[in-house]
Amino acid sequence: MDFNLSEEQLMIQQAARDFAQTELLPEVIERDRDQKFPAEQVKKMGEMGLLGMMVDPKYGGAGMDSVSYVLAMEEIAKIDASAAVVMSVNNSLVCAGLEKFASEEQKVKYLTPLASGQVIGAFALSEPEAGSDATSQKTTAEDKGDYYLLNGIKNWITNGGTATYYIVIAQTDPEKKHKGINAFIVERGWEGFEIGTKEDKLGIRGSDTHSLIFNNVKVPKENRIGEDGFGFNFAMAVLNGGRIGIASQALGIASGAYELALKYAKTRKAFKTEIINHQAIAFKLADMATQITAARMLCFKAACEKDAGKDISESGAMAKLYASQVAMDTTIEAVQIHGGYGYVKEYHVERLMRDAKITQIYEGTSEIQKIVISRSISK
Ligand code: CAA
Ligand code: FAD
């Protein structure tokens with residue numbers, strides 16, 4: 001593992017940093033307050049190549065490596081964690097899954113507009129009664145010959161109200177349990193496909209979380225991804241990569257809060273000196289800097305292993321487990337360092353604290369990451 005970033009990686013990091021400052025920072029507080037999806041900003045992110053970062057340029061992607069993705073995700077999440085989750089889902093759950101497992105026809109038709117950011121995608125695995133226990137799918141996809149009949153409800157779907165294409169996981173043959181699950185590409189607007197109500201959330205309020213309702217939706221057979229019964233393994237493989245995206249989002253939330261806290265501690269005075277001169281405050285910042293660096297290294301490790309074609313179930317889970325804890329701890333301490341000012345919206349850290357919590361829940365809770373890691377280390 002090379003600890004020096006290449007010129008290209010540094011350029012991407014800088015471009016994402018500049019974009020976040022100029023395009024995402026203005027009105028981030030208002031978008032959080034009003035639960036407003038950053039539509040214009042997401043469009044620009046697509047134009048910059050941030051929505052299909054690792055996809056081959058022949059399918060509309062930017063053809064970058066996964067370390068570049070971690071770097072860009074961190075910069076975007078520092079300023080706007082809602083925009084970062086849109087980016088993570090489109091890159092890691094939608095585009096990466098299609099590039100690796102979809103047919104050539106599916107790639108041309110669906111991956112190309114998704115990777116180039118003309119449209120965005122969503123990934124629908126979770127259901128009202130199947131979250132962590134993801135094999136307990138109640139959504140059914142009945143095989144009707146040349147099409148599948150899709151029925152059921154998906155819950156908590158990021159980009160649910162704004163996506164054009166949805167990857168939907170459903171049970172075709174319950175007797176085969178997870179081997180009877182399939183994954184499908186479903187288009188917005190198909191008859192019987194309804195977008196449910198938008199969730200009113202604690203954090204990442206600019207992101208768009210909806211339930212999806214499928215009522216006798218006809219899905220052409222050519223829209224199934226991979227062989228019959230491949231859907232659950234597809235979802236697990238995709239989530240391994242997705243966890244690098246969410247780990248990087250958590251890293252960005254943590255480093256955003258740390259940078260604000262450091263700056264504040266250098267200027268805010270109490271007892272005739274800047275508060276950073278009180279060791280209790282300086283030690284908090286020292287802990288934050290150390291933990292953030294460790295989280296970044298875990299993200300880089302998982303990203304390098306992904307690019308080397310290794311099994312990243314363990315390293316992706318470790319990165320997410322650790323970075324999400326660091327995001328939570330760092331943002332709580334950043335609010336503390338800001339004192340009363342940390343408790344109001346203007347100073348950003350209270351939003352980052354609310355945003356941090358979700359990184360311990362979605363794409364597998366911290367408890368689920370520990371299941372994945374413990375199974376891997378006990379093999
Ligand atoms: N990588 C690859 N394959 C995996 C895997 C992994 N990390 N974990 C399990 N599998 C495979 C197993 O090998 C097995 O396949 P085979 O039978 O072919 O060998 C199959 O999946 C079933 O595995 P288990 O018997 O271990 O299944 P389980 O019921 O005990 O549960 C689990 C496994 C790890 C808990 C899994 O259900 C899980 O990951 N749950 C969390 C779901 C999740 O992360 N949801 C996120 C939704 S998307 C999202 O949240 C997006 C967003 O917020 C932005
Ligand atoms: P449950 O599975 O009911 O878990 C409840 C608690 O029990 C948790 O603490 C959990 O860790 C614990 N628990 C469960 N099983 C075990 C066990 N075996 N051992 C120890 N502890 C256990 N899903 C999608 O498919 N696509 C999306 O785009 C998406 N976006 C989301 C966006 C948001 C804002 C939110 C809130 C969720 C999103 N999700 C999405 C769903 C998310 O992945 C699930 O919420 C998550 O996997 C947990 O499932 P659950 O909510 O059903 O909790």
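The values are calculated or read from the model by the stated rules, or taken from the named source; none is laboratory data. This one's a predicted model, so the numbers in the text were calculated from it and none came from an experiment. For neighbour counting, all protein chains shown are included, and Cβ atoms are generated from backbone atoms with ideal geometry for every residue, glycine included. We work out accessible area using only protein heavy atoms, side chains counted, and drop any ligands, DNA or RNA first. Shrake-Rupley method; radii C 1.70, N 1.55, O 1.52, S 1.80 Å.
Annotations for the structure displayed:
- Reach of K198 by Cα under 18 Å, taken over lysines that are not fewer than 8 positions away in the same chain: K36, K154
- With a cut-off of 12 Å on the backbone N, the residues of region 300-342 near the modelled label site 7 Å out from R375 along Cα-Cβ are 313-314.
- Where the chain is the region considered: accessible area per residue in Å², 1.4 Å probe: 44 Å²
- Straight-distance candidates among the aspartates and glutamates for linking to K266, with alpha-carbon spacing under 20 Å and chain neighbours fewer than 8 residues away dropped: E274, D287, E333, E346, E350.
- Loop-located trypsin sites (Lys or Arg not before Pro) in region 1-110 (DSSP state not H, G, I, E or B) with no more than 16 neighbouring Cβ atoms inside 10 Å: K36.
- Nearest-ten-degree value, helix 7-19 long axis tilted from longest Cα axis of the chain: 80 degrees
- Stretching the chain fully between A39 and Y341 yields a gain of 105.7 nm (0.36 nm per residue, less the alpha carbon separation).
- Accessible surface of the chain [probe 1.4 Å, protein heavy atoms]: carbon and sulfur percent: 53 percent
- For region 225-332, GluC sites (Glu not before Pro) meeting the loop criterion (DSSP other than H, G, I, E, B) and having at most 12 other Cβ atoms within 10 Å: E227.
- Loop sites in region 117-187: GluC sites (Glu not before Pro), DSSP, at most 16 other Cβ within 10 Å: E129
- Label-reachable residues, region 1-45, where backbone N falls under 17 Å from a point 7 Å from K266's Cα toward its Cβ: none
- Pairs from the list K43/K345; K144/K370; K58/K310 with a Cα-Cα gap above 32 Å: K144/K370.
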